[in-house]
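Q: Attaching a single structure in structure tokens format; questions to follow.
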Amino acid sequence: MSVTPLTARIADGVASLPSAEWDACAGAANPFVSHAFLSILERSGSAGVQAGWQPLPIVIDGANGKAAAIAPAYAKTHSQGEYVFDHGWADAWEQAGGHYYPKIQVAVPFTPVPGPRLLLRDAALAPALIGAIEAVTDQNRLSSAHVTFLEESQLGWFEAAGWLIRSGTQFHWQNDGYAGFEDFLAALASRKRKAIRKERAQALEGLTVRHLTGAEITEAHWDAFWAFYQDTGSRKWGRPYLTRSFFSMLGAETGDKVLLIFAERDGMPIAGALNLIGADALFGRYWGCVEEVPFLHFELCYYQAIDAAIARGLARVEAGAQGEHKLARGYAPVTTWSAHYIPDPGFRRAVADFLERERLSVEHEQEYLGEMTPFKREG
């Protein structure tokens, strides 16, 4: 019996591919790998050649001629907007006389949210798609390929292919079947419970909080949020990654997946948090304010997100990268994963040695952080 050889191709961006074919591979659970979200990044000018994120999705077509496996790949000319830091690797390779950039990045730009990075209608195509990523890297004599914030269920495919595996830490809130926020607080130690109630009271004094989604979100709301986003972006990154049009397009095309949480004083929004709603999780993404209020960041990004997740019956809240301060608010450490393909044997050995030492450090750190959660302990 003959086997038809598989052929991979590089598409001219996410927007060039039919949305129905893309989403048949991506599924509906994680909004960040949807055709709508990734193509909006392109069409809004947020992710593109000028931003150093050239979209080059790698596609394997099925027997019916439709996409059966896709890797949302980008040619990167820098390491910004990734949240898995490889600047040290780049410096070392450049000092050794190599060119680290461009590199291949399989990721969701500017988004440290774990999810599928091999988008598959047929799981049997996973090894072939990984092989296609390797071939693109090798044939173009690139330094490396990186698959970041990879969901754990896909990790084994990359391990089997011999990729280097890297671990990291985020903080997620888990819904243990809570009926409401007070039910969640009851699971905490008394001192932590009192501290959260005090924080919430201080943050909300004189303010009104509104949850907006779908058609409730107007251009006036996006104008206000753009001001919040610019303030945060200019302080954290020097310049915001996303364009103003990104938010309007996101609201128009994925409105039922968007949850805006605003704090208003006398009817005027002073702060806001943007979340996306997945099949089983609420994903916190961006936050900003034009008035400093104690604990308001915690209220809008963490406590209101918990309220929203409980109300929707969602299993967890993923509140983005970093932030040990989330521990005291009921968010626990979880492991994040990335996979790295480095063709040069010497460079690979050096990175593998670094990752082994880093992995031990991450494990020890998570053990320590796990003891700092605010939940009641037996005895």
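Q: Which of the following residues is acidic (D, E) and surrounded by 14 or more Cβ atoms within 10 Å (Cβ to Cβ): D183, D231, D223? Even if it seems obvious, please write down each step before you answer.
A: On the way: D183 fails: surrounded by 14 or more Cβ atoms within 10 Å (Cβ to Cβ); D223 fails: surrounded by 14 or more Cβ atoms within 10 Å (Cβ to Cβ).
Just one listed residue meets the conditions, D231.
Q: May I pose another question? Against the definition (buried (at least 19 other Cβ atoms within 10 Å of the Cβ), touching a Phe, Trp or Tyr at 6+ places or on another chain (Cβ under 8 Å), within 23 Å of T336 (Cβ to Cβ) and modelled with pLDDT of 95 or more), how does A107 come out, yes or no? Walk me through how you get there before you give the answer.
A: Details: buried (at least 19 other Cβ atoms within 10 Å of the Cβ): yes; touching a Phe, Trp or Tyr at 6+ places or on another chain (Cβ under 8 Å): yes; within 23 Å of T336 (Cβ to Cβ): yes; modelled with pLDDT of 95 or more: yes.
Yes.
Q: From the list G131, G88, G115, exactly one residue is among the small types (G, A, S) and within 15 Å of V59 (Cα to Cα). Which is it? Full working, then the answer.
A: Numbers: G88 fails: within 15 Å of V59 (Cα to Cα); G115 fails: within 15 Å of V59 (Cα to Cα).
Of the residues listed, the single one that is among the small types (G, A, S) and within 15 Å of V59 (Cα to Cα) is G131.
Q: Hey, another quick one. Using the structure shown, decide if Y100 is out of contact with any His (no Cβ under 7 Å at 6 or more places or on another chain), crowded, with 21+ Cβ neighbours inside 10 Å and among the hydroxyl-bearing types (S, T, Y).
A: In short, yes.
Q: Are any residues in region 54-75 in contact with an Asp or Glu (Cβ under 9 Å, 6 or more places away or on another chain) and more than 13 Å from L17 (Cα to Cα), and if so, which ones?
A: Answer for region 54-75, where residues must be in contact with an Asp or Glu (Cβ under 9 Å, 6 or more places away or on another chain) and more than 13 Å from L17 (Cα to Cα): just G62.
Q: Hey, any hits in region 34-46 for a residue that's farther than 25 Å from R166 by Cα and touching a Cys at 6+ places or on another chain (Cβ under 6 Å)?
A: no
Q: Restricting attention to region 27-56, which residues are outside any helix (DSSP H, G or I), touching a residue at least 12 places away in the same chain (Cβ under 8 Å), open to solvent by less than 30 Å² (accessible area, probe 1.4 Å) and of a type outside the set (A, V, I, L, M)?
A: Residues of region 27-56 that are outside any helix (DSSP H, G or I), as a first pass: 27-30, 34, 44-56.
Pick out the ones that are also touching a residue at least 12 places away in the same chain (Cβ under 8 Å) and you get 27-30, 34, 44-47, 51-56.
With open to solvent by less than 30 Å² (accessible area, probe 1.4 Å) added as a condition, the list becomes 30, 34, 44, 46-47, 51-53, 55.
Hits for region 27-56 are N30, S34, S44, S46, G52, W53, P55.
Q: Under 8 Å between Cβ atoms, at least 6 apart or on separate chains: pull out the pairs that start in region 239-265 with a residue that is touching a residue at least 12 places away in the same chain (Cβ under 8 Å) and closer than 15 Å to Y286 by Cβ and end on any residue that is β-branched (V, I, T) and part of a loop (DSSP other than H, G, I, E, B).
A: Within 8 Å, the pairs are G251/I217; V258/I217; L260/I217; A263/V293.
Q: Looking at region 242-272 only, could you name the residues that are open to solvent by 40 Å² or more (accessible area, probe 1.4 Å), under 21 Å from I40 (Cα atoms) and in contact with a Leu (Cβ under 9 Å, 6 or more places away or on another chain)?
A: Of everything in region 242-272, just one residue is open to solvent by 40 Å² or more (accessible area, probe 1.4 Å), under 21 Å from I40 (Cα atoms) and in contact with a Leu (Cβ under 9 Å, 6 or more places away or on another chain), namely K257.
Q: Does E21 fit the bill of being under 23 Å from P102 (Cα atoms), among the charged types (D, E, K, R) and modelled with pLDDT of 95 or more?
A: Working: under 23 Å from P102 (Cα atoms): no; among the charged types (D, E, K, R): yes; modelled with pLDDT of 95 or more: yes.
No: the conditions fail for E21.
Q: Right, another one. Checking the conditions here, which among L259, L250 is closer than 20 Å to G313 by Cα and either within 23 Å of the chain's Cα centre (by Cα) or assigned to a loop (DSSP other than H, G, I, E, B) (or both)? I'd like the intermediate steps shown before the answer.
A: Working: L250 fails: closer than 20 Å to G313 by Cα.
Of L259, L250, the one residue that is closer than 20 Å to G313 by Cα and either within 23 Å of the chain's Cα centre (by Cα) or assigned to a loop (DSSP other than H, G, I, E, B) (or both) is L259.
Q: Any residue in region 206-227 that is under 23 Å from D280 (Cα atoms) and free of Cβ contacts under 8 Å to residues at least 24 places away in the same chain?
A: We begin by selecting, within region 206-227, every residue under 23 Å from D280 (Cα atoms); these are 210-217.
Filter again for free of Cβ contacts under 8 Å to residues at least 24 places away in the same chain, leaving 216.
Yes, region 206-227 has at least one match.
Q: Does Q304 meet the test of being at pLDDT below 95 and of a type outside the set (F, W, Y)?
A: So Q304 fails the test.
Q: Could you please find all residues in region 158-210 being out of contact with any Phe, Trp or Tyr (no Cβ under 9 Å at 6 or more places or on another chain) and over 26 Å from L314 (Cα atoms)?
A: The answer is E159, A160, R191, E205, G206, L207.
The values are calculated or read from the model by the stated rules, or taken from the named source; none is laboratory data. Keep in mind the model is a prediction, meaning the values are calculated, not measured. Positions of Cβ are generated from backbone atoms using ideal geometry, with glycine treated the same way; all protein chains shown enter the neighbour counts. When the accessible area is computed, the model is the full protein with side chains, heavy atoms only, and any ligands, DNA or RNA have been set aside. Shrake-Rupley method; radii C 1.70, N 1.55, O 1.52, S 1.80 Å.
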